[in-house]
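Before any comments, here is the structure.
The values are calculated or read from the model by the stated rules, or taken from the named source; none is laboratory data. Keep in mind that this is a model prediction, so the values were computed, not measured. So basically every Cβ, Gly included, is an ideal-geometry build from the backbone, and we count neighbours across all protein chains shown. The accessibility values were calculated without ligands, DNA or RNA, using every heavy atom of the protein model including side chains. Shrake-Rupley method; radii C 1.70, N 1.55, O 1.52, S 1.80 Å.
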Amino acid sequence: MAESPSEAFKLDQRVHSAGDSRRVGTVKYVGPVEGHGGIWVGVDWDNGEGKHDGSINGVRYFRAKTERSGSFVRIQSLSGGISLLEGLYVRYRGESTKEEEDDMYVLSTSNKRVFVELVGMDKIQDKLSRFEELKAASLPYLGISSLGEPCKISATIPNLKELDLTGNLLSDWKDVGMLCETLPTLTVLNLSHNLMRKIVTGMPKLYHLRVLVLNNTGISWEQVDMLKESLPSIEELHLMGNNISTIESGSSFVDGGFDSLRLLNLEDNSIADWEEIVKLSQLRSLEQIHLNKNKLKQIFYPGNDSISRTLNEYDIHNESFKPFQNLRCLLLGGNCIEDLESLDSLNYFPKLVDIRLSENPVTDPAKGGVPRFTLVARLARVEVLNGSEVSTRERKESEIRYVRLVMSRHSDNPEEMKRLHPRFMELKDFHGIEDERPSIASAGPKKMSSGLISITLKCIAASMGEKPLQTKKLPATTTVGKLKLLCESIFNMKSTRPKLYLQEEGSPLPMLLDDDMSSLVDLGIDSSSIILIDEES
């Protein structure tokens, strides 16, 4: 018996636009639309590019996630997808499309297209089409909505280890469990941009799975906790872009679960309270936590006496347990951290050596934050900072520079110095830096040269051409504004204003010096510093 039009699609079914498998959405309505004949399908599109919010001419048929993410389409304009094996054939045994072939060209000197053929491409394609030898398969955005017959899958790709199913139409966790059971050699599975169902059921223990990527799948931590028992061997779990704000069942880690987890990726979520992350501190194998692009304002190490918090629910006084005891990498870029106490707390993490702090107010000098050399000096064990290795030379120079900067600001208040700069005395003694005391008035006027620093000026302004480096001895109290006037004179910049940058070792980009009232000593500039002189556009 033929399927009626109204039964072609079901509510909450994942579909894509016919002819465009990247335009994916969820069915929210199937039926008539007032004023328009026939059966219509109401779709809430993932990319938000629709026409309305699910209502038309004052009649609401469904509720879309945004004001313009919904639209009505005819049944024949949608596809319910294909099976996994069909996707394999499309990807690895299908002929190149005319569009793909048209894109394979280079431009000649006369700006004409010269079409190219990749040498050896036929051999590569032949190897990929022998499915029984396939170790890794990439099947993104092919409209895969079902697995097909498990016995055929296991017979077709028996040695598959890595599978990328990004942007398809899968949603049922039972399919995920069946897929992993059907392919016992599978260790890496990427389900990003598949909108998974809220209820996690029918999941067996997936002993072979090591890496699971669930970015932008709409998963909550409650679902992650449900998956815990099914992932006894998982080593990497990626959960980017899921709007996660809380770790609801974190205390259940005491009872086991995620015992092998080494990397947890929570980037681009909505976590604002560091205490949520503390709930992960008992994951003893955890080596990396990625928290870039969240909403964290403060961090602390649990059990640190300088932090006035009570965390009795965590067994932090157990001698056999240290919070985050194996954490080596913590990525915190793009958050809202403002206080230096948060930075100093990173020294309490026993094995932490790789830290990202870029794009936080506390590390942005333009917003009152501190420059790279200060971060290196305050973080005792950091080996990689913001993706750049901290060399032995950079550490030594940064620590000496930092000590001298602190002495210039707080020399008359030792207690304040100790409170605001916990590593100051340690670094001062380690590098053998003596106190700089002002000379007694009766001993005669202080020599001007005793307060001078030697800096290198390098002109990089495009309109100025190549200029030789200039080295100048200046008082440490010279302001950025006065230095700009000096550069105008030295490099004969009559028609434009100079723009100054501090070039620091290990920092991928130079630091803009835009506060004309800051002095060289305030900025930690010393005799090893290089100032780049550009021109304002």
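The table that follows gives values for the structure above.
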| item | result |
| --- | --- |
| Efficiency of FRET between K494 and R409 - r from beta-carbon atoms, R0 30 angstrom, step 0.05 | 0.25 |
| Accessible area per residue, Å², region 156-196 with all protein chains present, probe 1.4 Å | 32 Å² |
| Modelled FRET efficiency - R0 22 Å, S138 with N159, Cβ distances, 0.05 increments | 0.90 |
| Percent carbon-and-sulfur accessible area, region 13-79, ignoring ligands, DNA and RNA, probe 1.4 Å | 46 percent |
| For region 452-535, accessible area per residue (1.4 Å probe, heavy atoms of protein chains only), Å² | 52 Å² |
| Which of K65, K28 is most accessible, then next, and so on - probe 1.4 Å | K65, K28 |
| Residues of type lysines that K152 reaches as a straight line, Cα spacing below 24 Å, ignoring anything fewer than 8 places off in the same chain | K127, K135, K161, K174, K205 |
| Percent carbon-and-sulfur accessible area, region 452-535, ignoring ligands, DNA and RNA, probe 1.4 Å | 52 percent |
| Additional length obtainable on full extension of the chain from S391 to R74, 0.36 nm per residue less Cα span | 107.9 nm |
| Virtual spin-label span in nm between E34 and H208, 7 Å along Cα→Cβ | 5.6 nm |
| Contact order normalised by residue count of region 452-535, Cα under 8 Å, 6+ apart, percent | 41 percent |
| Debye, to nearest 20: dipole size of region 13-79, +1 on Lys, Arg Cβ, -1 on Asp, Glu Cβ | 100 debye |
| Residues E536 and K473, FRET efficiency given R0 of 30 Å [Cβ-Cβ distance, rounded to 0.05] | 0.70 |
| Simple label model, 7 Å out from Cα along Cβ direction - I460 to L11, nm | 6.0 nm |
| Dipole magnitude of region 319-434 about its Cα centre (Cβ charges: Lys, Arg +1; Asp, Glu -1), debye to nearest 20 | 260 debye |
| Packing-based order for 147-153, 218-224, 40-46, using average beta carbon neighbours within 10 Å, highest first | 40-46, 218-224, 147-153 |
| Distance (nanometres) between label positions extended 7 Å along Cα→Cβ at C151 and D339 | 6.5 nm |
| Partner lysines for K472 [C-alpha distance under 20 Å; skip if fewer than 8 residues away on the same chain] | K447, K458, K482, K484, K499 |
| Accessible area of region 13-79 divided out per residue, in Å², using a probe of 1.4 angstrom | 52 Å² |
| Neighbour net charge for S145 - beta-carbon separation under 11 angstrom, K R +1, D E -1 | -2 |
